[in-house]
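Asks: Sharing a structure below in structure tokens format, with a few things to ask.
Readers should treat all values here as calculations from the given coordinates under stated rules, not as data from a laboratory. Note that the coordinates shown come from a computational prediction; the quantities given were computed from them, not determined experimentally. Here the Cβ positions follow ideal geometry from the backbone for every residue, glycine too, while neighbour counts run over all protein chains shown.
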Amino acid sequence: MAGVLSGFFIVWAVIGLGYLVGRTGVLGADAQQVLSRLAFYVGSPPLLFTTLAQADVRHVFSAPLLVAAGSAWLTMLAYGLLSRFVLARDASTVVMGAQAAGQVNAANLGIPIALFVLGDASRVAPVMLFQLALNTPLYLTVMDTLTGGHRPTVGSVLRGIGSNPLIVGSALGIMSSTTGLTPPDLVMEPVRIVAGAAVPAMLIAFGISLVGTRPLSVRGARADTLLATGAKVVLHPLLALVLARVLGLEGSALYAAVVMGSLPTAQNLYVAAVRYDRATTVCRDTVLLTTVTSVLSMTVVAVFLS
């Protein structure tokens, strides 16, 4: 338990540093965007490659992947039913709100939590593969259809998946683990150095994003936000626990699956909400509220399962 709490302390200490950086403005107005892009496009792909290249790929394409997909989609379904039939929201608003309830911050917080709390960065791989390769293309296709935008083709969806740097890094790592082929140390050493920049950049950028946010300031979106927050913080981890038990996960595998389900809402969801002009306030506020409250839920998970 002490090791788990130490892991949380490390993560939130660096996030706190990011918050101070944002408050002082020492890195300028574009610091969050630059650091986020550095982590996403430059640091994360080699980090995922080096992690998965040394991992047992059977743990990626197995029960944890089913838990990640099942718990997320069941959470989204529960939110969607309440949003549609109780709050009477339109279909596109329901879809974006459901994503806020079930889509986790697998990159900016998932990788650091997996590394420092779970002790294995590959634990986040099943969640990332589900979200990036399956869930994201699916919900974007639905939103394009509902909002009357350009309807994507199978080819455009596949190109989007194949051009995502996180998917590319993960795929190369899985290929290396499966075949046993890895580049020589002369090549791998700079890859490892660049990979080391991913986690600090993620956490500092995340801390900067917390500056100046005021959740629940828009009255018309409060019910949606609170519903999405409750689904994300309470329902999603519970469903992950139930599914993991049903699928026979035990010990560290069970703990990892539930912790991944306890992660807060993905930050990049707000970008999609702005693009479609649907549930922007709900997505923004849910990101902030779940970022704060998920610390408590993950701590509870750690007390009982670590």
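Asks: Scan the helices (runs of 4 or more DSSP H) fully inside segment 92-190 and keep the ones with 2 or more residues being in contact (Cβ under 8 Å) with a residue 40 or more places away in the chain and crowded, with 19+ Cβ neighbours inside 10 Å.
Replies: Of the helices (runs of 4 or more DSSP H) lying wholly inside segment 92-190, those with at least 2 residues that are in contact (Cβ under 8 Å) with a residue 40 or more places away in the chain and crowded, with 19+ Cβ neighbours inside 10 Å span 111-116, 125-130, 136-146, 165-179.
Asks: Tell me, yes or no, whether segment 249-269 has at least one residue that is part of a helix (DSSP H, G or I), of a type in the set (S, T, N, Q), surrounded by fewer than 24 Cβ atoms within 10 Å (Cβ to Cβ) and in contact (Cβ under 8 Å) with a residue 60 or more places away in the chain.
Replies: Within segment 249-269, one or more residues are part of a helix (DSSP H, G or I), of a type in the set (S, T, N, Q), surrounded by fewer than 24 Cβ atoms within 10 Å (Cβ to Cβ) and in contact (Cβ under 8 Å) with a residue 60 or more places away in the chain.
Asks: Quick check on segment 191-201: of everything there that is aliphatic (A, V, I, L, M) and more than 22 Å from the chain's Cα centre (by Cα), which residue is surrounded by the fewest Cβ atoms within 10 Å (Cβ to Cβ)?
Replies: ILE193
Asks: Just to be sure, is VAL234 touching a Leu at 6+ places or on another chain (Cβ under 7 Å) and either among the aromatic types (Phe, Trp, Tyr) or assigned to a helix (DSSP H, G or I) (or both)?
Replies: Judged against the criteria, VAL234 is not a match.
Asks: Taking segment 25-76 only, how many residues are of a type in the set (Phe, Trp, Tyr) and closer than 19 Å to GLN267 by Cα?
Replies: So the count comes out to 3.
Asks: Among the listed residues MET128, MET143, which satisfies the condition of being closer than 29 Å to GLN32 by Cβ and in contact with a Phe, Trp or Tyr (Cβ under 6 Å, 6 or more places away or on another chain)?
Replies: After applying the criteria, what remains is MET143.
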